[in-house]
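Heads up: the structure comes next, in structure tokens.
Each value in this text was obtained by applying a stated rule to the coordinates, not by laboratory testing. From a predicted model like this one, the values you see are computed outputs, not experimental measurements. Cβ placement follows ideal geometry from the backbone for every residue including glycine, while neighbour counts extend to all protein chains displayed.
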Amino acid sequence: MGQRMRKKRHFDERMAASEKWLLARGVGGILNMKEAAENYRALVDYAAVFGNNNPVDLEIGCGKGGFVCELARRNPDRNFIALEMVSNVVISAMENAEKAGLENVRFLNIRAECLECYIPEGSIENIYLNFSTPLPKLGYATQRLTHRNFLEIYKKLLKKGGRVIQKTDNRDFFDFSLGEYEAAGLQTENVTYDLHGQGNPTWNIVTEYEKKWVEQGLPIHRVEAIK
Ligand SMILES: C[S@@+](CC[C@H](N)C(=O)[O-])C[C@H]1O[C@@H](n2cnc3c(N)ncnc32)[C@H](O)[C@@H]1O
């Protein structure tokens, strides 16, 4: 059996083993997203999934899930949905949740562009964006997760007073994001250009990427943008 075949089987087995933590895998790719949004809706029924009506927060681009799993562990009275488009990566995140025995976190293996197919309008209190890919080339600006097109989606999903909470090491991306929040009519609060200036605040959960940048001495920027 070829290496690729074994890899695929291993992938399928891991995906199946984590099934309990997976709410959905994306329909279609980026090209037929619009069609997906119009024809395929599978809105998450929170009460059925979590067995309670606790508040729900969302992380977009969760990577291997270290942040959301620790947040879920610290906040057993809240529910968390984490979104990651790369299948191999979301598997690691789900395995983390399983190891930690977390009942209040679930995952979506979809692109952020498809969020409205799964997340009910006005149902989210906080959206976490941790070290989203900065995509510095101008031609990719619309794909940055803080571009105003995405902010319009987030505004639909957030409750009134809900927040987008962003961390990044990239100053240009941060400044771009601050401009987009303003353009989208989101009020910004608790803006810092050096979150770790006096050492890591105890409330701050350090993500996988954050650890890497802090070890390299890079300042971390953080903002909360309020609907
Ligand atoms: C630089 S990593 C940061 C991972 C993690 N949040 C951290 O701080 O360690 C960005 C992650 O966002 C995911 N991502 C980027 N664009 C996305 C999109 N449009 N929809 C869903 N996930 C996305 C990538 O696959 C990647 O895992």
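Numerical summary
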| read-out | value |
| --- | --- |
| Percent antiparallel among DSSP beta bridges (both partners in the chain, rounded to 5) | 30 |
| Rounded to the nearest 20 debye, dipole of the range 3-226 from Cβ charges on Lys, Arg, Asp, Glu | 660 |
| Proxy reagent accessibility, fewest Cβ within 10 Å first, across Thr142, Thr188, Thr133 | Thr142, Thr133, Thr188 |
| Residue-count net charge about Phe150 - beta-carbon cut-off 9 Å; Lys, Arg +1, Asp, Glu -1 | -1 |
| Choice from Gly26, Gly61, Gly161 showing the highest fluctuation, given a GNM over the chain with Cα pairs closer than 10 Å | Gly161 |
| Three-way shape label, the chain, alpha-carbon gyration tensor, a/c 1.5 | rounded |
| Expected 222 nm ellipticity per residue - DSSP helices of 4 or more, -39500 (n - 2.57), all of the chain, to 500 | -10500 deg cm²/dmol |
| Local net charge near Tyr193, Cβ-Cβ under 11 Å (Lys/Arg +1, Asp/Glu -1) | -1 |
| Cα-Cα over 20 Å, subset of Lys20/Lys167; Lys20/Lys64; Lys20/Lys99; Lys156/Lys227; Lys137/Lys212 | Lys20/Lys167; Lys137/Lys212 |
| Least to most buried among Arg144, Arg14, Arg25 (fewest other Cβ within 10 Å first) | Arg25, Arg14, Arg144 |
| Between the range 154-210 and the range 48-64, the Cα center-to-center distance that results, in Å | 19 |
| Net +/- balance of residues flanking Tyr209 in space, Cβ distance below 15 Å, scoring K and R +1, D and E -1 | -2 |
